[in-house]
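These notes concern the structure reproduced below.
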Amino acid sequence: MNENANRKTALFAMGVVLFMGSMAWASVPLYDLFCRVTGYGGYTNVSDVGSDIILDQVITIRFDASLDRDMPWEFSPVERQVKVRLGETALAFYEAYNPTSKPIAGSASYNVTPYGAGSFFNKIDCFCFQEQILQPGERVQMPVTFFVDPDLINDRDAKFAKTITLSYTFYEIDLPVDEARFNDTNLNIIVESQAKEGQLWHM
């Protein structure tokens, strides 16, 4: 009888572990979806067009930039802040530079603070929508087009925000297969060329 009880206890414990594991796995995409819908956690909205309504109320947009510790780029906002009216479409730029001797691909994550303002921050276009590849020594300015939804003034918490901070963090990612193959081919050509030059020199 004790053996049956122990077996049931073991099966129950295993079931709990599997259930908790599946919930942990599912919670990531569910939480991500929740944040995107509500703006919680600093997620922003994406819009195809600007706002039809532009108010006189002005809000300050601050720009912040950071890099993952393994990302060798240099990355910063061109302007530290701008003032825009609610509903007004604005354009800002971030600058990235690859100081290395090889191509580097990067992907940008972002968030908005205060977090409650995320659902009112709308991006029309952004460099963060796609991966970026910088060649050795390449420097680029990358745009983000956005507006702050005038409905912000009707939100009991977000309406008190005078400043919104838009932050980006760049992470290094694997180069696309075609790009990596192209660079491997070029590297082989350079190595072979240097080898031939060495042979001619010794002759």
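Computed quantities for the displayed model
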quantity	calculated
Index of the failed condition, SER76 passing every other in (1) assigned to a loop (DSSP other than H, G, I, E, B); (2) free of Cβ contacts under 8 Å to residues at least 24 places away in the same chain	(1)
Among (1) exposed (fewer than 13 other Cβ atoms within 10 Å of the Cβ); (2) free of Cβ contacts under 8 Å to residues at least 60 places away in the same chain; (3) farther than 30 Å from THR100 by Cα - the single one VAL82 does not satisfy	(1)
Cβ pairs under 7 Å, 6+ apart, first in the stretch 49-67 and of a type in the set (Ser, Thr, Tyr), second loosely packed, with under 15 Cβ neighbours inside 10 Å and not in a strand (DSSP E or B)	THR60/LYS162
Residues being part of a loop (DSSP other than H, G, I, E, B) and either modelled with pLDDT under 95 or within 27 Å of VAL148 (Cβ to Cβ) (or both) - total across the stretch 79-99	6
Residue list for the stretch 48-79, filter: exposed (fewer than 15 other Cβ atoms within 10 Å of the Cβ), more than 21 Å from GLN130 (Cβ to Cβ) and among the β-branched types (Val, Ile, Thr)	ILE53, VAL58, THR60
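Every residue, every condition in (1) at pLDDT below 95; (2) part of a strand (DSSP E or B), yes or no:
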position	(1), (2)
SER101	no, no
ALA108	no, yes
ASN111	yes, yes
SER119	yes, no
LYS123	no, yes
GLY137	no, no
PRO143	no, yes
LYS159	yes, no
SER167	no, yes
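The values are calculated or read from the model by the stated rules, or taken from the named source; none is laboratory data. Keep in mind it's a predicted model, so treat the numbers as computed, not measured. Ideal geometry is used to build each Cβ from the backbone, glycine not excepted, and the neighbour counts take in all protein chains shown.
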